[in-house]
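Data first, discussion second: the structure below is written as structure tokens.
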Amino acid sequence: MSKSILFHLAGGIGNMIMATPAISSLVNAGETVDLFVEGDSEEAIDLFKGWSLPRVVVDSIVDLPDEGYDFYLISWLAKKPLAIGQVDSSIILSTSYHGVDGRRFPEYEMYLHFARAISDQCESTVETYCGSSERSFPEITTETLVLYPGCQERFPIKRWDKFPELAGRFKDVAIVGSSADLSATYSRLYPEWIKRRFGRQLGRNRRLTSLLNLFSEKYNHENTFPSHVKNYLGKLSLADTASLISQSGAFVGNDGGLAHIAAGLGVETLVLFGPTDEAKNLVPRDNVHVIKMGLDCQPCQFGGKFPDAYTSHFIGCPLGVKCLKSITVDRVVTELRSVGYNETMSV
């Protein structure tokens with residue numbers, strides 16, 4: 001007999017897309033899944049509305065069916081459980097950031113673990129889902145290289161610093177992201193004495209941060225792109241951004257939500273990894289290719305050699321983010337050629 005599951009997604013775009021293999025696996029096993037979307041962005045639901053596998057996709061509890069659920073599966077990023085009658089008698093499964101039994105699973109595999117706990121018919125899969133709008137971009141073709149030079153505002157440490165130079169190597173280039181993705185607000189390198197004494201207040205105490213900025217250096221916030229680049233930063237909705245990416249020939253980006261969108265849409269996707277954990281943050285699809293240096297301090301997202309390097313609100317790395325800065329443009333160009341983005345397109 002089919003079981004009914006309310007799957008409560010939350011967090012960033014990438015976090016939610018990494019849950020989609022588990023949803024697919026449950027539905028393919030014959031279970032009924034309703035999807036409640038609580039994204040960091042109100043637009044996030046637009047990436048899932050057209051998905052045919054869930055019975056309903058909603059972001060308001062009033063739109064959920066009146067019937068009860070057998071299981072209520074909650075993302076570890078949900079602000080709080082839904083206080084609704086439909087889940088009062090359900091079995092509640094709350095996912096953990098650190099995986100299962102204290103082990104840090106890849107995030108997509110963590111959700112699959114809970115799916116298999118619900119149904120022993122669930123099969124493992126790495127196929128992710130991401131929808132898009134129906135908007136057409138005549139200026140974007142399979143010869144277009146899409147770049148994602150930004151990332152979440154609080155973590156500028158994830159930004160590679162050579163996107164403008166990479167854009168200059170190709171004649172058909174578009175850049176995408178939100179208006180905050182290249183924000184300079186937290187792009188600061190501070191002396192060690194400031195980090196030790198005031199680390200917890202940097203970026204949070206506005207007056208103190210303004211004073212301490214006098215002792216800091218700016219990091220990777222000024223990006224001047226060549227004039228031929230098509231600039232969509234802050235100009236598109238999430239669903240339209242997804243549509244633009246789907247019409248392109250290849251995508252290069254930092255570890256962030258738009259990289260997961262490109263991957264889910266089947267576009268050849270190159271992701272630059274520095275301080276973040278590839279194993280935790282990536283779904284290993286055939287169209288996804290990792291570029292990283294493999295330094296002995298990588299990744300620092302969960303400790304490592306420099307456990308205080310990966311911080312929010314400022315750059316904590318004592319090496320000036322060497323893991324990303326050491327990645328050359330030539331290497332990225334070579335990787336693009338290897339996935340079929342033809343070198344004859346270069347300028």
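The values are calculated or read from the model by the stated rules, or taken from the named source; none is laboratory data. This structure is a prediction, so every number in the text was calculated from the model and none was measured. Cβ atoms come from the backbone with ideal geometry, glycine included; neighbour counts cover every protein chain shown. Only protein heavy atoms, including side chains, enter the accessible area calculation; ligands, DNA and RNA are left aside. Shrake-Rupley method; radii C 1.70, N 1.55, O 1.52, S 1.80 Å.
Is it true that Thr142 is closer than 22 Å to Leu265 by Cα, open to solvent by 40 Å² or more (accessible area, probe 1.4 Å), part of a loop (DSSP other than H, G, I, E, B) and of a type in the set (Val, Ile, Thr)? Spell out the reasoning first.
Numbers: closer than 22 Å to Leu265 by Cα: yes; open to solvent by 40 Å² or more (accessible area, probe 1.4 Å): yes; part of a loop (DSSP other than H, G, I, E, B): yes; of a type in the set (Val, Ile, Thr): yes.
So Thr142 fits the description; yes.
What single numbered condition from (1) in a helix (DSSP H, G or I); (2) buried (at least 18 other Cβ atoms within 10 Å of the Cβ); (3) of a type in the set (A, V, I, L, M, F, W, C); (4) out of contact with any Phe, Trp or Tyr (no Cβ under 8 Å at 6 or more places or on another chain) fails to hold for Ala309?
Unmet condition: (1).
If we scan the range 83-95, do we find a residue that is under 23 Å from the mean Cα position of the chain (by Cα) and under 22 Å from Glu127 (Cα atoms)?
Narrowing the range 83-95 to residues under 23 Å from the mean Cα position of the chain (by Cα): 94-95.
Still in the list and also under 22 Å from Glu127 (Cα atoms): 95.
So far as the range 83-95 goes, yes, one or more of its residues are under 23 Å from the mean Cα position of the chain (by Cα) and under 22 Å from Glu127 (Cα atoms).
Kindly check whether there is at least one residue in the range 149-159 that is touching a helix residue (DSSP H, G or I) at 6+ places or on another chain (Cβ under 6 Å) and within 27 Å of Asp240 (Cβ to Cβ).
We begin by selecting, within the range 149-159, every residue touching a helix residue (DSSP H, G or I) at 6+ places or on another chain (Cβ under 6 Å); these are 149, 151.
Subsequent filtering for residues that are within 27 Å of Asp240 (Cβ to Cβ) retains 149, 151.
Yes, the conditions are met somewhere in the range 149-159.
Kindly provide the set of residues from the range 47-74 that are outside any loop (DSSP other than H, G, I, E, B) and either hydrophobic (A, V, I, L, M, F, W, C) or open to solvent by less than 80 Å² (accessible area, probe 1.4 Å) (or both), ordered by number. Give the derivation first.
Let us first name the residues in the range 47-74 that are outside any loop (DSSP other than H, G, I, E, B), namely 47, 57-58, 61-63, 71-74.
Selection gives Leu47, Val57, Val58, Ile61, Val62, Phe71, Tyr72, Leu73, Ile74.
Does any residue in the range 185-211 that is over 18 Å from Ile157 (Cα atoms) come within less than 6 Å, Cβ to Cβ, of a residue that is open to solvent by 60 Å² or more (accessible area, probe 1.4 Å) six or more places away or on a different chain, and which pairs are these?
Leu208/Gln201
Identify, please: which residue in the range 279-306 is β-branched (Val, Ile, Thr) and not in a loop (DSSP other than H, G, I, E, B) and is, among those, most open to solvent (accessible area, probe 1.4 Å)? Write out each step before concluding.
Step one: list which residues in the range 279-306 are β-branched (Val, Ile, Thr), which gives 283, 288, 290-291.
Within this subset, residues satisfying the condition of being not in a loop (DSSP other than H, G, I, E, B) are 288, 290-291.
On the way: Val288: 22, Val290: 44, Ile291: 0 Å².
In this case the residue turns out to be Val290.
Mind checking which residues of the range 312-322 are in contact with a Phe, Trp or Tyr (Cβ under 8 Å, 6 or more places away or on another chain) and under 24 Å from Leu166 (Cβ atoms)?
The initial filter retains those residues of the range 312-322 that are in contact with a Phe, Trp or Tyr (Cβ under 8 Å, 6 or more places away or on another chain), namely 312-321.
Ile315, Cys317, Leu319, Gly320, Val321 - these are the residues of the range 312-322 that are in contact with a Phe, Trp or Tyr (Cβ under 8 Å, 6 or more places away or on another chain) and under 24 Å from Leu166 (Cβ atoms).
Residue under question is Asp34, and the condition is that it be of a type outside the set (Phe, Trp, Tyr), farther than 23 Å from Ala263 by Cα, open to solvent by 20 Å² or more (accessible area, probe 1.4 Å) and in contact with a Lys or Arg (Cβ under 6 Å, 6 or more places away or on another chain); does it hold? Steps first, answer last, please.
Working: of a type outside the set (Phe, Trp, Tyr): yes; farther than 23 Å from Ala263 by Cα: yes; open to solvent by 20 Å² or more (accessible area, probe 1.4 Å): no; in contact with a Lys or Arg (Cβ under 6 Å, 6 or more places away or on another chain): yes.
Considered against the rule, which asks whether it is of a type outside the set (Phe, Trp, Tyr), farther than 23 Å from Ala263 by Cα, open to solvent by 20 Å² or more (accessible area, probe 1.4 Å) and in contact with a Lys or Arg (Cβ under 6 Å, 6 or more places away or on another chain), Asp34 comes out as no.
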